[in-house]
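The structure under discussion appears below in the form of structure tokens.
The values are calculated or read from the model by the stated rules, or taken from the named source; none is laboratory data. Note that the structure is predicted; figures quoted are calculated from it, not measured. Ideal geometry is used to build each Cβ from the backbone, glycine not excepted, and the neighbour counts take in all protein chains shown. Please note that ligands, DNA and RNA were not included when accessible areas were found on the heavy atoms of the full protein model with its side chains. Shrake-Rupley method; radii C 1.70, N 1.55, O 1.52, S 1.80 Å.
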There are 2 protein chains.
Amino acid sequence: MTKYKNGEIWSRNEEINANNGVILGVDGGATSTSCVCMPVFRFETENCDTLPVLSRVASGCSNHNSVGEAEARDVLEQVIDEALSEARVTRDAVRAVCLAISGVNHPNDQERILNWLRKMFSGVVKLYVYNDAVAALASGTMGKLHGCVLISGTGSISYGISEDGMEARAGGGGPVLGDWGSGYGIAAQALTAVLKAHDGRGPETMLTDSILHTLGLSSPDELIGWTYADPSWARIAALVPAVVSCAEVGDETANKILLEAVEDLAACVKSVVQRLHLCGEDKSDTFPVVLVGGVLEANKKWDISNRLIGCIRREFPGAYPIRPKVEPAVGAALLACNLLARDSSEGNGVHS
Amino acid sequence: MTKYKNGEIWSRNEEINANNGVILGVDGGATSTSCVCMPVFRFETENCDTLPVLSRVASGCSNHNSVGEAEARDVLEQVIDEALSEARVTRDAVRAVCLAISGVNHPNDQERILNWLRKMFSGVVKLYVYNDAVAALASGTMGKLHGCVLISGTGSISYGISEDGMEARAGGGGPVLGDWGSGYGIAAQALTAVLKAHDGRGPETMLTDSILHTLGLSSPDELIGWTYADPSWARIAALVPAVVSCAEVGDETANKILLEAVEDLAACVKSVVQRLHLCGEDKSDTFPVVLVGGVLEANKKWDISNRLIGCIRREFPGAYPIRPKVEPAVGAALLACNLLARDSSEGNGVHS
């Protein structure tokens, strides 16, 4: 048996055991899928340093939009079975599963994935399927479904849920629909600015040297072939640090791109907050804004998330930022724990 | 033997023959590749209704960025050999080849494709390799390399060449780098506007009903899966008529998208015109602007190309629009004809 502390699995020989059954939390993002197995337990939000995790397994992408339905299903079944096997329990021990997967954008997606799970587990297992933004929210609120989350990694999405269970989301459309403010959005704007500077449509920018140097290219003309060479949008998003560096030394174009990204991300959050009335009637209620993803990491002089929070709090002073201490898959497991407790006491459940 | 009239191949029994050798014009666009075979001849720009075309062959995409080098090369070799076979001549009869292919963005691309051709033809054959924008220009100027062309189909690019042979281009970066003003750019903006209206970030728009109806979807949520389902950007670009229709009945969002497209396309043309000084010192010199591609077809109430020309002529009154009467592959062949005449009299050539 193992315990989870700040992203690591604790050593065995602990008091917690799986006799009361286990719960599974799955986070399926754009590039990888993680599954954690935890015993059914009651936890206090204060002691998140001592969460019991029986096992943790990672695998490839399970977004059915990206890899197709069959592969997505295979990946999910594989991480679940491996997590159970590493925890030394069988499917019979499972009491609840929370699957939070990117690509769940519509009730149809939810229903299809619920059907996969129904074939894996008996009717008494509680099954919960969400967009992966829900796991990110729960990782910040320690399993409580309330408030708003903003993810800006390769893509971007904002999701929120009110105390009475109303949901809303904004963004999360993928590369074609912009995902402005995401790593992809920022980097694609920067690449466009380099091309525009090169062909005379835009001002000179330090981004040209910085990006060409990063990619080992000698001319902006070569960028076109480079973007065509590999359709992966994570590859584009990896240019964000170059944009931030240029902005930090004062490049106007890079600054403009990041400021627009802040505004676009703030617009996603504001839309969710307003639709759910998270800020209350007089706009002063407190509510969490969970910040997740590489673009929002607070380790730079040009701090995107700090500016973003400033932008949001000017309109909603009660918004308080949370940076999750646990990973989204643990958030999904904690959520499953909470929902299981609720649905067991109420005698109902989402399942079948 | 056949002759070409307004896009059709003429019946045989004409006076022109292939005894003086033939020329090949190839246009390789984003979705297909066309090759025409014409006898070496002297033509007057006035009588473009009576161009002799010995054969015409079409095949798939030959953009090496899109389909890979091996397939691009196979497609080119195939259309060339089929065009020669249909014209009942062998490779020995070829005097000049003009290949104008999308994806030629850099001297390296040009050199690589020249090397393919050098393996196909003997050292005396004149070989010319360009971006496909050059064939589009030549199709409007009947083989003369002067002026500016703007293509806006699935993608967009502007290209120009001055009387003294200086070249410039703007745009043409493909889907990641925006190609604003292209069919893809317009449609992607429209899809984004629908998503924004749906999640509260943007105003309501008629585009929602129009696009959902066009695609047979019932909710904007389903658009995300739809854009992921097929990475082809021509599929996105096919939504342009829905955007134009909404703009025609007064939808503000659709109007804004089209007006921005006009400005973006005009910026491409202006950048090329300025860098090449096509407008002369006092900005009043006349020069052609050849307009090519589905977005610029003048058959709508909301006429993108008319507004565009207005926008360009406000700055450069000498710009005169040309809509080509022949296809780009014929433009490439006419260009090869002209360059062959020039290089033969000068005793030099681009080849090897």
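Summary table below
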| read-out | value |
| --- | --- |
| Count of the stretch A:228-253 residues which are surrounded by fewer than 21 Cβ atoms within 10 Å (Cβ to Cβ), within 14 Å of chain B (Cβ to nearest Cβ) and not aliphatic (A, V, I, L, M) | 5 |
| Among the residues listed as B:ASP209, B:ASP199, B:ASP179, the single one being among the charged types (D, E, K, R), within 30 Å of A:VAL273 (Cα to Cα) and touching a strand residue (DSSP E or B) at 6+ places or on another chain (Cβ under 8 Å) | B:ASP199 |
| Check on B:ARG169, open to solvent by 30 Å² or more (accessible area, probe 1.4 Å), without any contact (Cβ under 8 Å) to a residue 24 or more places away in the chain and either under 23 Å from A:LEU191 (Cα atoms) or at the interface with chain A (Cβ under 9 Å from one of its Cβ atoms) (or both) | no |
| Qualifying residue in the stretch B:325-340 (condition: in a strand (DSSP E or B) and over 27 Å from A:GLY202 (Cβ atoms)) | no |
| Looking only at the stretch A:25-48, and only at residues there that are under 30 Å from A:GLY183 (Cα atoms) and open to solvent by 30 Å² or more (accessible area, probe 1.4 Å), the one that is modelled with the lowest pLDDT | A:ALA30 |
| Enumeration of residues in the stretch B:125-136 that are open to solvent by 10 Å² or more (accessible area, probe 1.4 Å) and either modelled with pLDDT of 95 or more or over 14 Å from B:GLY28 (Cα atoms) (or both) | B:LYS126 |
| Residue count, the stretch A:173-188 (criterion: under 17 Å from A:VAL292 (Cβ atoms) and either facing chain B (nearest Cβ under 7 Å) or assigned to a helix (DSSP H, G or I) (or both)) | 4 |
| Residues of the stretch A:303-328 satisfying the condition of being touching an Asp or Glu at 6+ places or on another chain (Cβ under 6 Å) and either modelled with pLDDT of 95 or more or open to solvent by 10 Å² or more (accessible area, probe 1.4 Å) (or both) | A:PRO328 |
| Among (1) more than 23 Å from A:ASN65 (Cβ to Cβ); (2) away from every other protein chain (no Cβ under 13 Å); (3) part of a helix (DSSP H, G or I); (4) open to solvent by less than 40 Å² (accessible area, probe 1.4 Å) - the single one B:GLU260 does not satisfy | (4) |
| Subset of the stretch B:164-200 [among the charged types (D, E, K, R) and within 30 Å of B:ARG342 (Cα to Cα)] | B:ASP164, B:GLU167, B:ARG169 |
| Sole exception among (1) under 30 Å from A:ASP251 (Cβ atoms); (2) surrounded by fewer than 14 Cβ atoms within 10 Å (Cβ to Cβ); (3) of a type outside the set (Asp, Glu) for A:SER284, by number | (1) |
| Selection within the stretch B:287-302 - assigned to a helix (DSSP H, G or I), open to solvent by 10 Å² or more (accessible area, probe 1.4 Å) and in contact with a strand residue (DSSP E or B) (Cβ under 6 Å, 6 or more places away or on another chain) | B:VAL295 |
| Condition check for A:ARG91: surrounded by fewer than 19 Cβ atoms within 10 Å (Cβ to Cβ) and more than 14 Å from every other protein chain (Cβ to nearest Cβ) | yes |
| Some residue of the stretch A:274-281 being open to solvent by 50 Å² or more (accessible area, probe 1.4 Å), farther than 25 Å from A:GLY173 by Cβ and within 14 Å of chain B (Cβ to nearest Cβ) | no |
| Criterion: open to solvent by less than 40 Å² (accessible area, probe 1.4 Å), of a type in the set (Ser, Thr, Tyr), closer than 22 Å to A:VAL326 by Cα and within 14 Å of chain B (Cβ to nearest Cβ) - qualifying residue of A:SER139, A:SER102 | A:SER102 |
| Positions within the stretch A:189-225 being assigned to a loop (DSSP other than H, G, I, E, B), more than 13 Å from chain B (Cβ to nearest Cβ) and surrounded by fewer than 21 Cβ atoms within 10 Å (Cβ to Cβ), in sequence order | A:GLU204, A:MET206, A:GLY216 |
| Criterion: modelled with pLDDT of 90 or more and open to solvent by 60 Å² or more (accessible area, probe 1.4 Å) - qualifying residue of A:SER156, A:SER85 | A:SER85 |
